[in-house]
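See below for the structure under consideration.
What follows draws every value from the coordinates through simple rules; no lab data is involved. Just so we're clear, the structure is a prediction, and the values are computed from it rather than from any experiment. A quick note on method: Cβ atoms are made from the backbone with ideal geometry, for glycine too, and the neighbour counts reach across all protein chains shown.
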Amino acid sequence: MMYGFNDHLLGKFTVAVAACLLLASPVTQIRADEPAGKTELHFRGMMQELDRNMQKITAAISREDWALVAQIAPRIARHPELPLAEKMQILAYLGTNASEFHHIDAQTHEAASDLEQVAEFGDGKAVIQAFARVQENCLACHQNFRKPFVEHFHGAH
Ligand code: HEC
């Protein structure tokens, strides 16, 4: 019980330190291309990185370079996480839709992990199927969430 109390305090302290570090990061330099006055998110940059990696995988599939597919797939399956403060901001925005958003996100990660595995086996047909599953999940989230998300965080345009 005594340790539980201390762990709790330590947890709170860690979160507070992490939040301070994140708030101190030079976000404006990272997203200098965004119009002034709009909310600046790492989320869009993360999406652009996913997009680049999907394109690299398409090129690798055309060359039947399964080793390269296996090398790139983890960058989708285990892409860098968003800063904690931004995660909390997005969670707050999503509200009761957060679980659906998370679900599609998890499915995308799972499909990308499968993609990595079948590429390691050099199974071309399975690679294409797993890749299609990744794309279906990208699409599912975009169809459900993108428009209102963009309107909320970037203003309607
Ligand atoms: C769980 C939800 C979700 C998943 C899964 C998801 N996206 Fe997105 N994506 C979004 C949202 C929301 C936006 C709008 C973000 C914004 O404009 O700030 C977006 C925007 C984008 C954009 C546009 C970025 C820009 O510059 O305007 C690209 C490209 C993109 N996603 C690629 C992908 C790819 C590729 C995948 C699958 C590997 C994927 N996304 C999976 C939610 C998701």
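Sum up the charges of everything whose Cβ sits under 12 Å from the Cβ of His109, counting Lys and Arg as +1 and Asp and Glu as -1, but leave His109 out.
Working: positive: Arg75, Arg78, Arg133; negative: Glu81, Asp105, Glu110, Asp114, Glu116.
Once all neighbours under 12 Å are counted, the net charge is -2.
Please give the net charge around Gln55, taking every other residue with its beta carbon less than 15 angstrom from that of Gln55, where Lys and Arg add +1 and Asp and Glu add -1.
Values: positive: Arg52, Lys56, Arg63, Arg75; negative: Glu49, Asp51, Asp65.
It works out to a net charge of +1.
Please give the residues of segment 95-137, grouped as numeric ranges, whose backbone N is less than 14 Å from a label point set 7 Å along the Cα-to-Cβ vector of Ala67.
Answer for this model: 120-122.
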